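The values are calculated or read from the model by the stated rules, or taken from the named source; none is laboratory data. What you see is a predicted model; the values in this text were computed from it and never measured. Here the Cβ is made from the backbone with ideal geometry for all residues, glycine too, and neighbour counts use every protein chain on show. We work out accessible area using only protein heavy atoms, side chains counted, and drop any ligands, DNA or RNA first. Shrake-Rupley method; radii C 1.70, N 1.55, O 1.52, S 1.80 Å.
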Amino acid sequence: MRVFDLSGLRYLTLLVLGLLIAGCAGTPTYNPTTFPFELDEEKLAASNIRTVVIPHVNLGTPSRNYLEREAPRIDGFVSSYLKANGYKVIDQREFKQLWSVGTRAYGDPVDPTSGRVNMKTFAQIMESVRDELVQKHQLDAFVFTDLVELEVPFSGGIKHLARWDGVSRKPPLQGPGSGVTADFDWNTPAAVASLQVSIFNADLQRVFFSRGGLDATDAIDTRSSSGRFTRRRNMLENEDFVMEGVQLAFHPLIEMKSWPGNPD
């Protein structure tokens with residue numbers, strides 16, 4: 001009668017399961033909300049972008065005040081990511097100084113009461129900044145990094161995940177409690193933030209545009225008996241979430257290894 005070594009069989013089974021799990025771990029989960037990026041390959045090839053600057057101003061309407069406070073830190077992540085992928089990043093302080101000179105010459109393009117942007121004035125300032133940076137640093141492109149806010153519900157199945165711009169996030173809680181009431185309306189939209197990247201070459205032509213989700217800027221207020229969303233006291237603190245958003249926003253200009261935009 002043959003005697004089977006069950007301990008060896010058990011070890012082999014665990015080994016095979018481990019290999020299967022490791023293989024699956026490297027496969028990105030498809031997320032249909034991944035932003036449909038725009039990439040002008042012809043202009044990009046002609047520009048040969050290697051030296052860039054990250055403006056401290058938005059390309060469009062200024063971000064909400066509470067997001068604007070986080071912008072320098074997010075720009076730091078963007079700068080590190082670009083440098084790690086072979087780009088030279090000009091110190092943002094140089095852009096700020098030249099922008100100040102431009103606003104004194106042409107006026108502030110942003111209306112402080114309405115937040116609207118005068119694009120003619122904006123373009124005049126950008127041209128003056130461009131001329132200086134091209135002459136001094138051989139600038140190839142401007143990388144605008146706008147922090148934009150959207151609204152999505154945390155209604156994705158049992159885990160109540162919110163999905164937007166390629167990410168999936170659980171609802172954050174804020175307050176002394178640890179949960180919500182049974183009648184909480186999960187279809188109520190909550191505020192979330194994304195990083196919007198717009199890249200313009202030295203001719204001020206757009207060559208790339210995309211967005212990557214960051215994190216929720218609203219949290220469930222556990223002090224409320226009925227359950228409601230409230231603005232988070234601390235936001236965009238999770239560095240892993242921020243880096244995921246940065247990688248999503250720059251794909252495919254900088255390829256994201258686990259990009260979730262492929263359906264198969």
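I want to confirm something. Restricting to segment 132-149 and keeping residues that are of a type in the set (Val, Ile, Thr) and under 15 Å from VAL53 (Cβ atoms), which single residue is surrounded by the fewest Cβ atoms within 10 Å (Cβ to Cβ)? Let's see the steps before the verdict.
First, the residues of segment 132-149 that are of a type in the set (Val, Ile, Thr): 134, 143, 145, 148.
Subsequent filtering for residues that are under 15 Å from VAL53 (Cβ atoms) retains 134, 143, 145.
Working: VAL134: 13, VAL143: 22, THR145: 23.
Among those residues, the one meeting the criterion is VAL134.
Given MET235, MET256, which one is under 14 Å from the mean Cα position of the chain (by Cα) and more than 21 Å from PRO72 (Cα to Cα)?
Numbers: MET235 fails: more than 21 Å from PRO72 (Cα to Cα).
None of the others qualify; the one that does is MET256.
Please go through segment 37-49 and pick out each residue that is touching a Phe, Trp or Tyr at 6+ places or on another chain (Cβ under 8 Å) and not in a loop (DSSP other than H, G, I, E, B).
GLU38, LEU39, LEU44
Given the criterion aliphatic (A, V, I, L, M), within 25 Å of ARG73 (Cβ to Cβ) and open to solvent by less than 50 Å² (accessible area, probe 1.4 Å), identify the matching residue among ALA249, ALA202. Step through it out loud before you land on a result.
Working: ALA202 fails: within 25 Å of ARG73 (Cβ to Cβ).
Of the residues listed, the single one that is aliphatic (A, V, I, L, M), within 25 Å of ARG73 (Cβ to Cβ) and open to solvent by less than 50 Å² (accessible area, probe 1.4 Å) is ALA249.
Which residues, taken from segment 190-199, are surrounded by fewer than 22 Cβ atoms within 10 Å (Cβ to Cβ) and hydroxyl-bearing (Ser, Thr, Tyr)?
Once the filter is applied, which keeps residues that are surrounded by fewer than 22 Cβ atoms within 10 Å (Cβ to Cβ) and hydroxyl-bearing (Ser, Thr, Tyr), segment 190-199 yields only SER198.
Name the residue that is modelled with the lowest pLDDT, counting only residues in segment 213-242 that are farther than 26 Å from PHE142 by Cα and touching a Gly at 6+ places or on another chain (Cβ under 9 Å).
Only one residue fits best here, namely SER224.
Across segment 170-212, what is the total count of residues that are polar (S, T, N, Q) and at pLDDT 95 or above?
Looking only at segment 170-212, we keep the residues that are polar (S, T, N, Q), and these are 174, 178, 181, 187-188, 194, 196, 198, 201, 205, 210.
Narrowing further to those that are at pLDDT 95 or above: 194, 196, 198, 201, 205, 210.
Qualifying residue count, segment 170-212: 6.
Output the residue which, of all residues in segment 150-189 that are touching a Leu at 6+ places or on another chain (Cβ under 9 Å), over 29 Å from VAL57 (Cβ atoms) and not hydrophobic (A, V, I, L, M, F, W, C), is most open to solvent (accessible area, probe 1.4 Å).
Only one residue tops the list, namely LYS170.
With a cut-off of at least 3 residues that are open to solvent by less than 60 Å² (accessible area, probe 1.4 Å), name the helices (runs of 4 or more DSSP H) lying wholly within segment 50-131.
Numbers: elements: 65-68, 71-84, 92-106.
Because the criterion is at least 3 residues that are open to solvent by less than 60 Å² (accessible area, probe 1.4 Å), the helices (runs of 4 or more DSSP H) in segment 50-131 that meet it are 71-84, 92-106.
Please specify each residue of segment 205-222 satisfying the condition of being among the hydroxyl-bearing types (Ser, Thr, Tyr) and open to solvent by 10 Å² or more (accessible area, probe 1.4 Å). Give the steps one after another, and end with the answer.
Going through segment 205-222, the residues among the hydroxyl-bearing types (Ser, Thr, Tyr) turn out to be 210, 217, 222.
Result: THR222, single match.
ALA45 - would you say it is open to solvent by 70 Å² or more (accessible area, probe 1.4 Å), of a type in the set (Gly, Ala, Ser) and over 17 Å from MET243 (Cα atoms)?
On the way: open to solvent by 70 Å² or more (accessible area, probe 1.4 Å): yes; of a type in the set (Gly, Ala, Ser): yes; over 17 Å from MET243 (Cα atoms): yes.
When the stated conditions are applied, ALA45 passes them.
Is there a residue in segment 50-60 that is modelled with pLDDT under 95, under 28 Å from ARG231 (Cβ atoms) and under 21 Å from the mean Cα position of the chain (by Cα)? Steps first, answer last, please.
Restricting attention to segment 50-60, the residues satisfying the condition of being modelled with pLDDT under 95 are 59-60.
Right, trim to under 28 Å from ARG231 (Cβ atoms) and you get 59-60.
Now drop any that are not under 21 Å from the mean Cα position of the chain (by Cα), which leaves 59-60.
Yes - at least one qualifying residue is present in segment 50-60.
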